[in-house]
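The block underneath contains the structure these notes are about, expressed in structure tokens.
The values are calculated or read from the model by the stated rules, or taken from the named source; none is laboratory data. Every value quoted in this text rests on a predicted model; they were computed, and no experiment measured them. Positions of Cβ are backbone-derived with ideal geometry, glycine not excepted, and every protein chain shown enters the neighbour counts. When the accessible area is computed, the model is the full protein with side chains, heavy atoms only, and any ligands, DNA or RNA have been set aside. Shrake-Rupley method; radii C 1.70, N 1.55, O 1.52, S 1.80 Å.
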Amino acid sequence: MRILLTVGLVAAVAARLVWCTPRTFGRGTDAARVDHINVFDGTTGTGFTVTDPEDISYIVENIQSHPVRPAKLSLGYIGYRFSLVYVDENDKAIVPLFYLNGENTIRKDPFFYRCDGGLCVDFLAELEEKYAQS
């Protein structure tokens, strides 16, 4: 019984640490290694590819600069503002699919992650207009 209680306590502490520890999406990703970013706007149905190195660097650094914490489970939820995949020159995903739901919310199943705001949603909307005209 004592062993079972100890294991349960250790599991509860570990779960609490995982839940409360801030995360960084794309941590360790060098923007120079990202050849392009595939983006899809879930509100307009428009997909586009970001290829300009300055735009790529801005997106990668913006998302990396906002530590996020799990907010709630995302299972069963549908819809998003933007989906993103960072891709290298060999068409291999460096950072697999994740979603920006707003300036303070990232969804990477099975969780929604929140920060204090400042994620580059407006910048991506501007890029959508730029790349849609190309």
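Here are the numbers for the structure shown:
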| read-out | value |
| --- | --- |
| The chain: DSSP helices with Cα axial extent of at least 15 Å and average Kyte-Doolittle hydropathy no lower than 1.6 | 2-20 |
| Reach of residue 108 by Cα under 22 Å, taken over lysines that are not fewer than 8 positions away in the same chain | 72, 92 |
| Carbon + sulfur, % of accessible area of the chain - ligands and nucleic acids excluded, 1.4 Å | 55 |
| R0 of 22 Å, Cβ-Cβ distance residue 97-residue 122: FRET efficiency to nearest 0.05 | 0.55 |
| With 10 Å bins from 0: P(r) over the chain, alpha-carbon pairs, percent | 12, 39, 30, 11, 6, 2, 0 |
| 18 Å tail of the calculated P(r), segment 87-134, as % of Cα pairs | 49 |
| Per residue, in Å², the accessible surface of the chain once ligands and nucleic acids are set aside, probe 1.4 Å | 61 |
